[in-house]
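The values are calculated or read from the model by the stated rules, or taken from the named source; none is laboratory data. These numbers were taken from a predicted model, which means no experiment stands behind them. Ideal geometry is used to build each Cβ from the backbone, glycine not excepted, and the neighbour counts take in all protein chains shown.
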């Protein structure tokens, strides 16, 4: 058993840099996952070469020679050989199972000192809520060296939360909670993906893990997270950031091009015609209602597919989005 673990560790040669075919190892258990993966892969290579090599050898050695009749050699059993090819794979399977179970336990059992972050998946963005601090963010911001527990759910359809650099992935299911944890190694930024097809803009359901040192993380918390330290930033610029981070970009263009939803370019102040035959000027109240209750007034020619952002955007964020739409003339 120890020999198997040692071989895996030797072959893994844990590194914090990405290779040409694998992402970087950026969490506490990424190296362990890669070690088992490499052990199984090289084991498969070894037996592939052994078996295919034996096949080629026997094909050449016992190929038909001449045109004379061939007689099959007497076939007798070989108990020793049968025991060898049964016992060795069994031992290897036990090693792989024990190794995998050990690593699975390490990933499944959340440390007692882990900080908790709530994750909500929604077409087509991720929202991260810090319950103790009262912060809602479009990026997952965490301190380096601190275990982080993610309590995840979906507000619409099935999603899947995946961070390649951390070697973690878990389905995010509507109506229930799933749990995942990781411990980031050092300050850096890593991409978050959805790996369960969830609609037309599934490929754009992206976010980031921003790992900060403890001092910068405390500063981020003190500044209120996403809004922190940005009082001098124009509201329209904040709105543009929210447009990109909250998934609005997936459905609404800012250059007039058609998408799933109406374009924001030149939208403010124009007369909107709705599916029920009514019309209304696109003012601040209309935009606010469209964000919080999108099904109340559906623009003619478009489907009622936009999710509600009720409880996900505060008044300042909604004001920022309105100012950004005003700027798109």
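Here are the numbers for the structure shown:
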item: Sole exception among (1) outside any helix (DSSP H, G or I); (2) without any contact (Cβ under 8 Å) to a residue 60 or more places away in the chain; (3) surrounded by 10 or more Cβ atoms within 10 Å (Cβ to Cβ) for residue 74, by number; result: (3)
item: Residue check for residue 169: more than 27 Å from residue 291 (Cα to Cα), without any contact (Cβ under 8 Å) to a residue 40 or more places away in the chain and out of contact with any helix residue (DSSP H, G or I) (no Cβ under 6 Å at 6 or more places or on another chain); result: yes
item: Enumeration of residues in region 220-236 that are in a helix (DSSP H, G or I) and either at pLDDT 85 or above or surrounded by 14 or more Cβ atoms within 10 Å (Cβ to Cβ) (or both); result: 220, 221, 225, 226, 227, 235, 236
item: Residue check, residue 296 outside the structural domain of residue 144 (by TED's automatic domain parsing), surrounded by fewer than 17 Cβ atoms within 10 Å (Cβ to Cβ), more than 18 Å from residue 138 (Cα to Cα) and in contact with a helix residue (DSSP H, G or I) (Cβ under 6 Å, 6 or more places away or on another chain); result: yes
item: Hey, residue 282 modelled with pLDDT under 85 and crowded, with 18+ Cβ neighbours inside 10 Å or not; result: no
item: Members of region 241-274 that are in a strand (DSSP E or B) and over 18 Å from residue 322 (Cβ atoms); result: 273, 274
item: Residue count for region 275-310, restricted to those that are under 29 Å from the mean Cα position of the chain (by Cα) and in a helix (DSSP H, G or I); result: 3
item: Any chance residue 313 is modelled with pLDDT under 85 and either outside the structural domain of residue 203 (by TED's automatic domain parsing) or outside any helix (DSSP H, G or I) (or both); result: yes
